[in-house]
Structures are given as structure tokens and as C-alpha cells.
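Heads up, the thing below is written out as C-alpha cells.
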Amino acid sequence: MKILVPVKRVVDPYAKVKPLPDGSGLDVAGVKFDVNPFDEIAVEEAVRMKEADPSVHVTVVSVGTSESEEQLRKALAMGADEAVLVETGDPMDSGVVAAELEAVVRQVQPDLVLMGKQATDDDNNQAGQMLAARLGWPQATFACKIARAGDHIEVTRETDAGEETLRLALPCVVTTDLRLNEPRYIALPGIIKARSKPLAKQARATDARPKSRVTTMAAPPPRAAGRKVASVDELIGALRERGSL
Amino acid sequence: MATLPFTSRETGCSFFDRTPETCFVPEDFAGDEQLMVQQAEQFSRKEVLPLAERLDKQEDGLMPDLIRKAGVLGFCGVDTSDAYGGLGLGKNLAARILEYLSLNGSFSVTYGVTSGISQLGLSLFGTEAQKAQYLPHLASGEWIGAYALSEPNSGSDALSMSCRADERDGKWVLNGTKMWISNAKWAETFLVMAKIGGSEVSAFLVERGMPGVSVAREEHKMGLKGSSTARLVLEDAEVPLENLLHEPGKGHQVAFNALNIGRFKLAAMSLGPARDAIWESTQYAKDRKQFGQPISDFGLVRQKFADMAALYFAVESALYRVGANIDEAFAEWGGTVEGNRRAAEEFAVECSALKVLATEAEARIVDEALQVYGGYGFTEEFPIARTYRDARVSRIYEGTNEINRVFLADRLWRRAQEGRAQLGGPGDSFVSELAHKAFAKFSKDQVVVGGLSDLVLLTYAEQSARLRAQRLGGLAQMAYERFVNWANVQAAFAYQTVTGDPVTLPTPNPGHIDPLATALLTHRSPL
């Protein structure tokens, strides 16, 4: 079985970032980057499947600048077998990423694409669904449990109504939620081994262009100070004044 | 190991005469080396810190389990050769990992000893057979190791030890008591110094299970309560002949060279908790409100943050510069026993300087961090009280800071007599200028040597911080300038102590309190 795991380089989700003064993007000077946490969970799941069945082969792929190699190396250190970097500095939205991933899927021919349900930088939650649509493959999103069942795969997913379990024919696309697993500590020998695992760099395969573009970025306005009231009546009066009641 | 596009070409004490064009800075650690450091930090935060209270009670098996867990991840033999179960990485990276595994003092010392000085003597001086027999067990974390030099009546004056070894019936027979043995409760192996025939200091690999070996009751300590410290008692202990390490009568080489590198590593162990204390105190200050605003808004609190960060920055700069130089020395000379000895010895002055710098920086930082908590800092409600207690011993072990001060200026002076260091140059900063001038007054008087040592270590820190600030600019430059204001005053005091002459301080740099404090309150990393 072959698994393809797309990973995205994102600003460290715990870093505090500010928009650039001209609103053209984020000021990321001195900010650390990491693997998108949802993708890290996807890598962890793929590696666990490989540990349970050594015939599983895990390829990780990233679409982005050469710096994404760092995130691919981390995925290799976690236990992935090989990596592909589609190297580009072009502006991208989810549609462009899905188009590029489709090309990589046709090249790698995985049985399963396992990826984060969204990236913590733009929170779009689209690339997985778009990729499945492009490929005409079944999809299961927000997975909190994945089990192999012969030539099918069973995915338990979180919905507003509770958990539901889907049975999908392979090949398919599965996107991961936070509850799926807790990624491991990476053993130091794994990091050393990752240095010599294959990492292929290639150019973009499509000329897809983004259909959306960021016009401006601004910090949310600071919260205004509250006001203290002496009684419930005064509170209700104040709420009425504001038109909240 | 992290390699630079250049070699520093620094040799021991060369810093004193000239400032190199550039030097290794922590930002030079490669991407995947930083990933290793990140794993170390996560291990500390998720596996070690939540157990702090239980570790302090020495719950059965808890600490050895943690060491084994760390071993599975590869942490117990980072700079041990990969031919003997280690990872074969550099000492500088090992120190950076150690810094981030040192957020809890008790774990730090247990881990530091078993991954460091318990293996180092063997790595440097062991035969193939000795290394193959012991290192894989220690590097995997399966065994815990210990190092036994001090005795009840022999501490700083280590060579006055009375523990003796005699060859009898085809065995070494050891008798004596070793004191303050870290890891004694759990250790499977002890690197023991004893005098053959009562006179020749020699090193022995002693296993816990050998006849005549026992461990006395735990010491009741002020801090590091979760670490084991006890006496090792040797009563006609029977040690195989092949367990003599290095040559008879040359145990001091084993002991002192393990200590050189041990002092460098201890600097990392001291910076780890200091770094975390800075961060924790900023978080407390943001939450704690007085007079209707967070105390992190107040000038005297912000000043503490700026000072703590500046000091951490300077010592951190010095630490990883030394580490890169040590790695270079091992790359150049290491491999043979003689080469290893030379490499471990080359930066002995710098290692002592670091030990004093880092442990005193730690003391000042945890003290100021605790102050930020006010009354809460004096309770067990926050971890800072434990950090404060645990930090106290840093200035005492691996050679007291006093014995290190006596050693370092004297050693520099002696290197100069041998033509291996230059004294009396012009210096290229206020601090180094004073240091050079003061050496004209060199004497064996301890107070003079102590003052000179202060000037030497301040020179090293100032220079290292300057080189790093030149590369990074911005906040790093501000931290450097703030550190210089402090270092200049310290240097002036030391100069006056040595010479009795008056000194005029240079115009101070701007204080940079607000930008430094703001950066600390926002980012986890000091700068």
C-alpha cells in the first residue's frame, strides 16, 4: 500500500504574528515555521500504518518554496520513506495546491492520500476536498479514527451530530482532525537517518492560477474597555440603549 | 555536527589577545539540529516537568524510567561515538540539547551525569574493549552511570584523596569512601578515582555489583531533591585488572579532562533553567494585576526582564562559541588517547570561565525571576521556588566557582609563560583593555587571581556577545549593549581590586529596557 501525505510549511501556530504595516501580508521576520499540525497528525497516522504493516510505503509532498524542505525532513524523521518538493514561489490558493497535488498523485499513484483537514495559517479547509473532486476519488474528512479493512478503509469522522463511520474504497482521500492521534517525539536517530532519505525536487506541473487573492491583512481592532454597572436594572437599561435587547 | 563555512582558527586563550572575525552562534545550528533541540524541549515539558513533585519525593523507579525513555529517543549518547551505541554528534549540539533537557534540575543532573561525565572518561581514555563493554549500556539509557572523585575530606583539593587501590590476587582491591556521588542510588557503573599504592591517582571502572561495593544513605539536600546523591563505599572492593582506565598514575588526566568538558556542559545545564525562569516570570507578570494594570507594565519589572535577557544572551553566546571550538579541536586532534586529551584540555580556561559565568548568571536570573512573583515566589505554588533551590548548587559542584577562579587566571598566565597566550595587549573593548592592564599586577594572591579571572571571563563574554550582536543586529545588539553596561562596572570593580588604581567608566549605552522587555513578553525565546 502506498500513502501520500501532503505537508504544508506554516508559521509556528504558537507564534504571535502581526500584519505588515502596509497590509500586504504577515510580518514573519524572526518567526519560526513548522509542519502544519493537522498534517503532522496525518504523517503520524501514515507512519503508524507503516509500523503495523511494513509493506506500506509513505511519501510526503510539499508545494512551496525551497524552505519547505525543512518540513519534509521533519516528516522523513518521523518515519516517512521519501519526499517530493514541488518547488515554487508562486502565489497559491487551495485550488492551485489541489491541482499540483493531483499531478503528484498521478505520478506517485498512491492508494491513499492522507492530509490535514486544514492548515493553521489560512484555515481554508478546502485542498483535500478539491483534490478528491479533481481525482474523482471518494473522500472522508475530519477523520478521528482510521482502520484498514481489506481493500477498503474505515474512517470515523467527527460531525456536528456525533461520530459517523464511513467505508471507502481505495484509492481515496482522507483528511485528519486533531483527535486522530498524538504525534510522537522524533527520536534523534530518525532525524539523522532522514538526512539520507530521498527528497526529489521538481517544478510545478500545472499552470493553475489562484482564483482568490488576499487584498489586505489587518489586525482585529483592540477591544474597547468595558463599563461597570451597579444593578441588573442598569445593565438591562444599558443593553437596551445599545440596541442589544 | 554543525559546521560553519569557516573554521574559527581559535586556539585556547587566543580570545584574550585578539577578537576573531566571527564565531559560531546558536543561530548556526542547522535546521535538523534545531529539530533535535525542539524534541528535547518537548520531552522536558511533557514528560519531565509534570513529574517534578513526584521526582522530588524520589518515587521508586520514576527517574530511571525517565532516563530510559530519554535513551530510547537517543538523548543518552548524543556525543558518544556511534561505534558504541551513541549518535556520534558534536559536543556543542549535545550541550544545546542538554540545555533544553535541563528545565527541571533533578532530571538535568541525573541526565547530565549519565550522558556526560560518566561516559566521557571512557570515550576519551578507554580501550576498545572497555568502550565496547560499557558505553552501549550507558548511551542507550538502559544503565545509569556515575562519576566518583570527591571524598569527605577531599573536595577542591581533589588529588589529596585517600581512596586507594592495590593489586592483589590478580585483581584491583579498592578501599575508601567517595562522597557527593550524583546518581549513586541508580548507577550501574562508577568511574572511580583511587590511588594505586596510596600514591598514584588512577581511574577505575567499577560496577555496582562487584564484591565490596555499596552505596550509603541518601544525602538530605537543600535542592535537587529528585536527584540521587550518596556516598559510594568501597570495602575491599574487587575490580578486574582490565577495569583500570588509561594508565596507572594518570587518573588525574581522566578526572580533570572529564571535568573540563563537564564544566562546559554544566554551563548549558545552568542556562536551561535560567531561560525558562525568564519566560515563566514574564507570563506571571502579564497575568498579575496591581493598581489596575499588569505588573509587566511597570518599569522596575521591565528592567528585570531586560537585564535577565541581556545576561542570558551574553552567556549563551559564550557557551556555544566554546562548544564549536571544542568540536573543532576534537575534529582536528581526536581519535587517539593523546589527541583526545589534547582536545579536551585546549579550552580548559574557557570551560572554567563558562562554568563561572553561566552558574552566576543562573543565580542572578532565577533570583530576579522569583522576585517578579513577589510573595508567591516564596511559596511552592509556582515552580520558581524549586528552580531557585535547585540552582544553588551550580556554583558549588564541578569545582566551586572559587576554585575555578583560582584556576583560570593562573592557567592563562602560565600559558602565556609557555608562549601559548598573549598578555599585555591593547584590548579592543573597555573590559579587555582593563584585563590586559591588570595582568601586569599578576601574583599568586587568591584575591588578585580572582579579580583577574573576573576580567578574563568578562572579556570572553563581552567579546562573544559582541560577535553575535554584529551578526544578528536588532534586539541582539540591544541585549549586547545592555550587557556591556553591566560588564563594564563589574570589570572596573575587579580592576580596582587587582590594581588599587582608579578607573573612569565609559559613557553608558542606552538602556533599551522597553524593546527588550516587550520582545520577552511576546516571544518564548529570550530574543
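The values are calculated or read from the model by the stated rules, or taken from the named source; none is laboratory data. All figures in this text were calculated on a predicted structure; none of them were measured in a lab. A quick note on method: Cβ atoms are made from the backbone with ideal geometry, for glycine too, and the neighbour counts reach across all protein chains shown. Only protein heavy atoms, including side chains, enter the accessible area calculation; ligands, DNA and RNA are left aside. Shrake-Rupley method; radii C 1.70, N 1.55, O 1.52, S 1.80 Å.
Of all residues being free of Cβ contacts under 8 Å to residues at least 60 places away in the same chain and within 14 Å of another protein chain (Cβ to nearest Cβ) in the stretch A:192-245, which is least open to solvent (accessible area, probe 1.4 Å)? Just the residue, please. Within the stretch A:192-245, the match that is least open to solvent (accessible area, probe 1.4 Å) is A:I192. Spot the failing condition for B:R9; the list is (1) crowded, with 16+ Cβ neighbours inside 10 Å; (2) more than 14 Å from chain A (Cβ to nearest Cβ); (3) basic (K, R), and only one is missed. Just one mismatch for B:R9, condition (1). Number of residues in the stretch B:440-485 that are farther than 20 Å from B:F264 by Cα and either surrounded by fewer than 17 Cβ atoms within 10 Å (Cβ to Cβ) or in contact with a Cys (Cβ under 6 Å, 6 or more places away or on another chain) (or both) equals 11.
Any residue in the stretch B:183-191 that is aliphatic (A, V, I, L, M) and open to solvent by 10 Å² or more (accessible area, probe 1.4 Å)? Before the answer, list the steps.
Of all residues in the stretch B:183-191, those aliphatic (A, V, I, L, M) come to B:184, B:187, B:191.
Applying the additional criterion that residues be open to solvent by 10 Å² or more (accessible area, probe 1.4 Å) yields none.
Looking through the stretch B:183-191, none of the residues is aliphatic (A, V, I, L, M) and open to solvent by 10 Å² or more (accessible area, probe 1.4 Å).
Conditions tested, residue by residue: (1) open to solvent by 40 Å² or more (accessible area, probe 1.4 Å); (2) among the acidic types (D, E); (3) under 25 Å from B:V447 (Cβ atoms); (4) within 14 Å of chain A (Cβ to nearest Cβ).
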position: B:V489; (1), (2), (3), (4): yes, no, yes, no
position: B:P502; (1), (2), (3), (4): yes, no, yes, no
position: B:T507; (1), (2), (3), (4): yes, no, no, no
position: B:L520; (1), (2), (3), (4): no, no, no, yes
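Give the stretch B:371-426 a look and list any residue that's within 23 Å of B:S106 (Cβ to Cβ) and small (G, A, S), or say none.
Within the stretch B:371-426, the subset within 23 Å of B:S106 (Cβ to Cβ) is B:373, B:376-401.
Passing the criteria: B:G377, B:A385, B:A391, B:S394, B:G399.
Within the stretch A:1-56, restricting attention to residues that are without any contact (Cβ under 8 Å) to a residue 12 or more places away in the chain and within 14 Å of another protein chain (Cβ to nearest Cβ), the residue that is most open to solvent (accessible area, probe 1.4 Å) is A:Y14. All of B:K437, B:K355 fail the test of being over 26 Å from the mean Cα position of the chain (by Cα) and touching a residue at least 40 places away in the same chain (Cβ under 8 Å), apart from B:K437.
Do the conditions hold for A:T165, that is, is it among the β-branched types (V, I, T), open to solvent by 40 Å² or more (accessible area, probe 1.4 Å) and not in a strand (DSSP E or B)? It is false that A:T165 is among the β-branched types (V, I, T), open to solvent by 40 Å² or more (accessible area, probe 1.4 Å) and not in a strand (DSSP E or B).
Among residues of the stretch A:62-84 that are within 12 Å of another protein chain (Cβ to nearest Cβ), those with a Cβ under 9 angstrom from a residue that is open to solvent by 50 Å² or more (accessible area, probe 1.4 Å) and among the aromatic types (F, W, Y), sequence gap 6+ or separate chain, pair up as A:E67/A:F33; A:S68/A:F33; A:E70/A:F33; A:Q71/A:F33.
Of the strands (runs of 3 or more DSSP E) that lie entirely inside the stretch A:1-74, those containing 2 or more residues that are touching a helix residue (DSSP H, G or I) at 6+ places or on another chain (Cβ under 6 Å) span A:2-6, A:57-64.
Yes/no matrix, rows are residues, columns are (1) surrounded by fewer than 17 Cβ atoms within 10 Å (Cβ to Cβ); (2) under 15 Å from the mean Cα position of the chain (by Cα):
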{"residue": "A:A103", "(1), (2)": "no, no"}
{"residue": "A:P110", "(1), (2)": "no, no"}
{"residue": "A:V113", "(1), (2)": "no, yes"}
{"residue": "A:D122", "(1), (2)": "yes, yes"}
{"residue": "A:N125", "(1), (2)": "yes, yes"}
{"residue": "A:M130", "(1), (2)": "no, yes"}
{"residue": "A:A133", "(1), (2)": "yes, no"}
{"residue": "A:Q139", "(1), (2)": "no, no"}
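For the stretch B:188-209, a residue qualifies if it is outside any strand (DSSP E or B) and touching a strand residue (DSSP E or B) at 6+ places or on another chain (Cβ under 6 Å), and exactly one does: B:G198.
Residue count for the stretch B:23-68, restricted to those that are away from chain A (no Cβ under 12 Å) and of a type in the set (S, T, N, Q): 1.
When residues in the stretch A:1-29 are screened for being of a type in the set (S, T, Y) and either closer than 13 Å to A:D39 by Cα or touching a Lys or Arg at 6+ places or on another chain (Cβ under 8 Å) (or both), 1 of them pass.
For (1) in contact with a helix residue (DSSP H, G or I) (Cβ under 7 Å, 6 or more places away or on another chain); (2) in the same structural domain as B:V109 (by TED's automatic domain parsing), each residue gets a yes or a no:
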| residue | (1), (2) |
| --- | --- |
| B:F15 | yes, no |
| B:Q38 | no, yes |
| B:Q42 | no, yes |
| B:P50 | no, yes |
| B:Q58 | no, yes |
| B:L66 | yes, yes |
| B:G77 | yes, yes |
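Looking only at helices (runs of 4 or more DSSP H) that lie completely in the stretch B:295-412, which have at least 2 residues being acidic (D, E) and within 20 Å of B:N104 (Cβ to Cβ)? Before the answer, list the steps.
Numbers: elements: B:299-333, B:337-346, B:348-372, B:384-391.
Those helices (runs of 4 or more DSSP H) span B:348-372.
The set of residues in the stretch B:264-319 that are more than 15 Å from B:V366 (Cα to Cα), of a type in the set (D, E) and open to solvent by 30 Å² or more (accessible area, probe 1.4 Å) comprises B:D287, B:D297.
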